[in-house]
Amino acid sequence: MSTGTGADSAPGHISTPTTAATAQAVAAPAGKSSMFSSLRIRNYRLFATGQVVSNTGTWMQRIAQDWLVLSLTGSASAVGITIALQFLPMLMFGLYGGVLADRLPKRPLLLATQSAMGLTGIALAALTLAGHVQVWHVYLAAFALGLVTVVDNPARQTFVPEMVGKDQVANAVSLNSANFQSARLVGPAIAGVLITAFGSGWAFLLNGLSFAAPIAGLLMMRTHELHPVEPRPRAKGQLREGLRYVAGRPELIWPIVLVGFIGTFGFNFPIWLSAYVSDVFHGDAGTYGLFNTLIAVGSLAGALLAARRGQSRLRVLVAAAVLFSVLLLVTAFAPGFWLFAALLVPIGIFGLTVNVTANSSVQMATDPEMRGRVMALFMMVFTGGTPLGAPLLGWITDTYGARIGMAAGGVISLAASVAIAVVLARVGNLRLSVNRHGVTFVPAAIKHRRPSEDEEPQAQAPTGAPHPATLAA
């Protein structure tokens with residue numbers, strides 16, 4: 001995987017000298033970056049500070065929303081429907097959100113989307129605190145939030161390089177995830193206390209008010225210190241252009257396919273954890289908050305390790321996906337409460353490693369002017385598959401129990417991870433090697449022979465085709 005940033009690393013027309021330089025760069029040992037280097041940049045500090053406040057509120061609302069739906073209906077399938085409705089707009093309109101992110105200035109766009117998300121939380125709080133909330137209100141609020149996310153998500157993803165510059169993209173993406181997971185440590189715990197003591201409405205209200213922090217951060221930024229990408233003018237065919245761009249690049253399309261499977265079938269924790277709490281361990285909202293906090297501990301550790309690593313490699317992505325899937329299977333049949341709880345931590349580590357590694361790999365291999373559409377496709381596949389996976393796995397969980405539901409997600413994720421590992425190995429001309437250091441893919445041996453007099457010299461690789469060493473990384 002190319003580990004450069006921005007246009008310099010985009011895999012567009014690769015000439016022979018560039019290919020050689022890329023292969024040399026991949027082969028060279030990579031030094032570790034400073035874990036918090038992006039925070040030296042003032043604009044990014046403001047952004048990160050605002051996000052940790054709103055992310056805490058977001059996690060409070062997620063826990064409160066899932067528990068409210070479970071309380072109103074007593075059904076894991078209803079929780080799955082809520083999740084599906086929240087992510088359905090991404091599946092339906094995600095690519096159009098990317099087109100808008102490429103066309104419009106990111107900072108004003110984020111001011112609008114963050115304001116709308118805050119109002120959604122306040123509206124749901126008003127209904128709940130007034131005692132009039134019904135399950136269809138939660139469904140509607142989830143769908144409305146999903147509509148705003150269609151634009152907000154690619155705008156936030158592509159605003160990161162504009163704040164930090166191309167040299168800090170991988171570090172900033174990892175710190176964004178660490179930020180989100182740090183909030184995940186605090187949000188569920190606060191939500192559990194609020195729900196138990198006062199009900200879900202106060203969690204919704206605090207989430208709505210928390211969006212004042214990122215809005216203030218955006219307003220306080222020094223615009224002359226940004227690295228803005230010139231917005232693309234409105235033109236026909238921009239959506240098809242983005243799809244063609246991704247389709248011709250294995251180093252983009254296969255990570256996106258992999259996170260699509262993992263996101264659709266492996267990241268259904270609201271369904272599984274709520275079912276384990278109510279049906280297996282017979283706990284309450286505090287137990288549900290504890291389980292989410294343990295996953296967050298692992299996710300935070302995974303994000304910080306990714307920030308320290310500083311580079312994103314496809315072999316790390318595939319290995320993390322396989323380990324994540326295996327852990328889902330093992331955890332599904334954990335016999336006791338504390339063993340189940342302990343296994344949630346490594347699940348968080350490897351799940352977050354999959355997310356961060358795929359995200360930063362795709363961003364760094366994409367031309368800046370295409371980044372909005374590519375990241376919209378990434379998020380559409382990663383989260384947009386949830387409307388398909390969540391109801392299915394919710395039905396399996398309701399019908400056959402929490403253990404079978406979680407195991408089903410693990411089996412599908414594992415099959416996809418192994419299959420894509422084989423595809424990437426073939427595209428990158430790699431072979432499986434088993435030795436005392438473990439199991440890994442290494443470059444396949446190339447047999448050299450002198451061409452006969454009747455043979456033509458070997459043709460150069462087609463323009464735009466990625467070098468095998470690029471995929472081997």
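The values are calculated or read from the model by the stated rules, or taken from the named source; none is laboratory data. Just so it is clear, the model here is predicted, and its values are computed rather than measured. With ideal geometry, Cβ positions are generated from the backbone for all residues, glycine too; neighbour counts draw on all protein chains shown. Surface accessibility is based on the protein's heavy atoms, side chains included, excluding ligands, DNA and RNA. Shrake-Rupley method; radii C 1.70, N 1.55, O 1.52, S 1.80 Å.
Below is a table of values for the structure above.
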{"quantity": "Residue among V277, V322 that is in contact with a Phe, Trp or Tyr (Cβ under 6 Å, 6 or more places away or on another chain) and β-branched (V, I, T)", "calculated": "V277"}
{"quantity": "Unique residue being without any contact (Cβ under 8 Å) to a residue 12 or more places away in the chain and either closer than 25 Å to V354 by Cβ or in a helix (DSSP H, G or I) (or both) when the list is I253, I271", "calculated": "I253"}
{"quantity": "Odd one out for R222 among (1) basic (K, R); (2) surrounded by fewer than 17 Cβ atoms within 10 Å (Cβ to Cβ); (3) under 19 Å from the mean Cα position of the chain (by Cα)", "calculated": "(3)"}
{"quantity": "Residue in region 241-264 that is of a type in the set (S, T, N, Q) and under 23 Å from the mean Cα position of the chain (by Cα) present", "calculated": "yes"}
{"quantity": "Residue, modelled with the highest pLDDT, within region 7-36, restricted to residues that are surrounded by 18 or more Cβ atoms within 10 Å (Cβ to Cβ) and of a type in the set (S, T, N, Q)", "calculated": "S33"}
{"quantity": "Count of region 182-201 residues which are under 15 Å from the mean Cα position of the chain (by Cα) and surrounded by fewer than 24 Cβ atoms within 10 Å (Cβ to Cβ)", "calculated": "0"}
{"quantity": "Condition met for V326 (in contact (Cβ under 8 Å) with a residue 12 or more places away in the chain, within 13 Å of S413 (Cβ to Cβ) and open to solvent by 50 Å² or more (accessible area, probe 1.4 Å))", "calculated": "yes"}
{"quantity": "Which listed residue is crowded, with 23+ Cβ neighbours inside 10 Å, within 22 Å of R107 (Cβ to Cβ) and of a type outside the set (S, T, Y), from V173, V229", "calculated": "V173"}
{"quantity": "Filter result (more than 20 Å from Q86 (Cβ to Cβ) and open to solvent by less than 20 Å² (accessible area, probe 1.4 Å)) within region 391-415", "calculated": "A402, M406, A407, G410, S413"}
{"quantity": "Sole exception among (1) closer than 25 Å to S177 by Cβ; (2) assigned to a loop (DSSP other than H, G, I, E, B) for A307, by number", "calculated": "(2)"}
{"quantity": "Complete set of residues in region 162-176 that are in a helix (DSSP H, G or I) and modelled with pLDDT under 85", "calculated": "K166, D167, Q168, V169, A170, N171, A172, V173, S174, L175, N176"}
{"quantity": "Which numbered condition G94 misses (of (1) more than 15 Å from V277 (Cα to Cα); (2) touching a residue at least 24 places away in the same chain (Cβ under 8 Å); (3) open to solvent by 20 Å² or more (accessible area, probe 1.4 Å))", "calculated": "(3)"}
{"quantity": "Filtered residues of region 37-77 (kept if of a type in the set (A, V, I, L, M, F, W, C) and either more than 26 Å from L205 (Cβ to Cβ) or open to solvent by 40 Å² or more (accessible area, probe 1.4 Å) (or both))", "calculated": "L39, I41, V52, V53, W67, L72, A76"}
